[in-house]
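Read the structure below first, then the notes.
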Number of protein chains: 2
Amino acid sequence: MTDPSAPDPGEADPGVLAEGVSAVLRHLVLLLRRTTAGQPVTSQQYAVLGSLEQGPRRMTELAEEHAVQLPTMTVQINRLEDAGLVARGADPADARVRTVELTGEGRARLLAVRRARIARLGQDLEALTERERETLAAALPVLAKLGRT
Amino acid sequence: MTDPSAPDPGEADPGVLAEGVSAVLRHLVLLLRRTTAGQPVTSQQYAVLGSLEQGPRRMTELAEEHAVQLPTMTVQINRLEDAGLVARGADPADARVRTVELTGEGRARLLAVRRARIARLGQDLEALTERERETLAAALPVLAKLGRT
DNA sequence: CAGCTAAGTTAGTTGGGCTAAGTATGACCG
DNA sequence: CGGTCATACTTAGCCCAACTAACTTAGCTG
């Protein structure tokens, strides 16, 4: 019951597969919750910082990328700004748009949190067999395709 | 940047793999958010209802299973009770414990939401090739093992 | 029975999402 | 060139979901 450890593969029927995927998704969500609790930034904040790694972005871009409404992103950025992790700027070509970019501290925090997360995930992955890791690696592109309708 | 569609598999090194998994996890979280928004129960409520499918459970069990503190589960169950989806009971052997079980309406709601979710996921899966579905099915047991340290 | 432990609840705070409404700037058109 | 519409954000107010601290009630144990 509600245990995703035996999804019985070998059956590639979409209906049956959907139930297995659903159970695994639930498991992964719980896993994520546990591994991100108590970090110096929440998982949402971490995700937003990640969007800023390549340079300044506008509010609308950020909201769209994270699938939230603009007001939600405004509040999110307010918090990050208060924490000194990002800074707002202006677009010289259009006075309506606000840009957001990482501060030095923000970039440092991003990298630190990323290192920690990757390390923790790496530990879990090391517990797998080589064969299992290959299986997982092969499935990543498929998972990435999901929902790109 | 931040696009998980090209995780470059074939490399089963834990470190490299961890980054790919991390990116895909982020993608799946966004996907989940989009597909569960505006449903008749939130994804948390749905998860709790799912825990009750096999029969009554105690508060502590539920909190533990969902990796939340007891007060969080109390509030959660309060809402579900107000909505008429679950009912509280008592343990005859220990007057301290409260049990929680599905009402008829709760069970109906659970099944309806599950059908909807499975159906939506099934659509995504149908868009994949047979080969991709097999790859995904093979990876499910591996994903389920993650975090079972 | 006194005192500790265990199970839940209540209260208060924070984060994160939403809609509705407001402000300011750009764009377009008569 | 001025009025109107559209765009980019922000503000305000709501709900859900997580947390800790503190309280109540019930069981357990010396």
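Just so it is clear, none of the values below were taken in a lab; they were calculated from the coordinates. The model shown is predicted, which means the values in this text are computed figures rather than measured ones. When we count neighbours, we look across all protein chains shown, and the Cβ atoms used for this are built from the backbone with ideal geometry, even at glycine.
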query = For segment A:50-61, does any single residue satisfy the condition of being out of contact with any helix residue (DSSP H, G or I) (no Cβ under 7 Å at 6 or more places or on another chain), free of Cβ contacts under 8 Å to residues at least 12 places away in the same chain and within 16 Å of DNA strand C (Cβ to nearest atom)?
reply = yes
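Of the residues in segment A:120-149, how many are small (Gly, Ala, Ser) and within 15 Å of A:Leu31 (Cβ to Cβ)?
Taking segment A:120-149 as the starting set, the residues that turn out to be small (Gly, Ala, Ser) are A:122, A:127, A:137-139, A:144, A:147.
Checking the rest, the ones that are also within 15 Å of A:Leu31 (Cβ to Cβ) come to A:122, A:127.
So the answer is 2.
Might you check whether a residue that is within 11 Å of DNA strand D (Cβ to nearest atom), within 14 Å of another protein chain (Cβ to nearest Cβ) and farther than 25 Å from B:Gly15 by Cβ occurs anywhere in segment A:41-57? Even if it seems obvious, please write down each step before you answer.
The first filter runs over segment A:41-57 and keeps only residues within 11 Å of DNA strand D (Cβ to nearest atom), leaving A:42, A:56-57.
Okay, now just the ones that are also within 14 Å of another protein chain (Cβ to nearest Cβ), so A:42, A:56-57.
Remaining after also requiring farther than 25 Å from B:Gly15 by Cβ: A:56-57.
Yes, that holds for at least one residue.
Given the condition free of Cβ contacts under 8 Å to residues at least 60 places away in the same chain and more than 8 Å from every other protein chain (Cβ to nearest Cβ), answer yes or no: does some residue in segment B:122-131 qualify?
Taking segment B:122-131 as the starting set, the residues that turn out to be free of Cβ contacts under 8 Å to residues at least 60 places away in the same chain are B:122-131.
Filter once more, so that each one left must be more than 8 Å from every other protein chain (Cβ to nearest Cβ): B:129, B:131.
The answer is yes, given that some residue of segment B:122-131 is free of Cβ contacts under 8 Å to residues at least 60 places away in the same chain and more than 8 Å from every other protein chain (Cβ to nearest Cβ).
Residue check: is B:Glu101 in contact (Cβ under 8 Å) with a residue 24 or more places away in the chain, on the phi < 0 side of the Ramachandran plot and assigned to a loop (DSSP other than H, G, I, E, B)?
Numbers: in contact (Cβ under 8 Å) with a residue 24 or more places away in the chain: yes; on the phi < 0 side of the Ramachandran plot: yes; assigned to a loop (DSSP other than H, G, I, E, B): no.
Against the criterion (in contact (Cβ under 8 Å) with a residue 24 or more places away in the chain, on the phi < 0 side of the Ramachandran plot and assigned to a loop (DSSP other than H, G, I, E, B)), B:Glu101 does not qualify.
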request  = Would you check if A:Pro141 is within 14 Å of DNA strand C (Cβ to nearest atom), part of a helix (DSSP H, G or I) and either more than 14 Å from chain B (Cβ to nearest Cβ) or not hydrophobic (A, V, I, L, M, F, W, C) (or both)?
outcome  = no
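Have a look at A:Ile77, A:Ile118 and point out the one that is assigned to a helix (DSSP H, G or I) and at the interface with chain B (Cβ under 8 Å from one of its Cβ atoms). Full working, then the answer.
On the way: A:Ile77 fails: at the interface with chain B (Cβ under 8 Å from one of its Cβ atoms).
Just one listed residue meets the conditions, A:Ile118.
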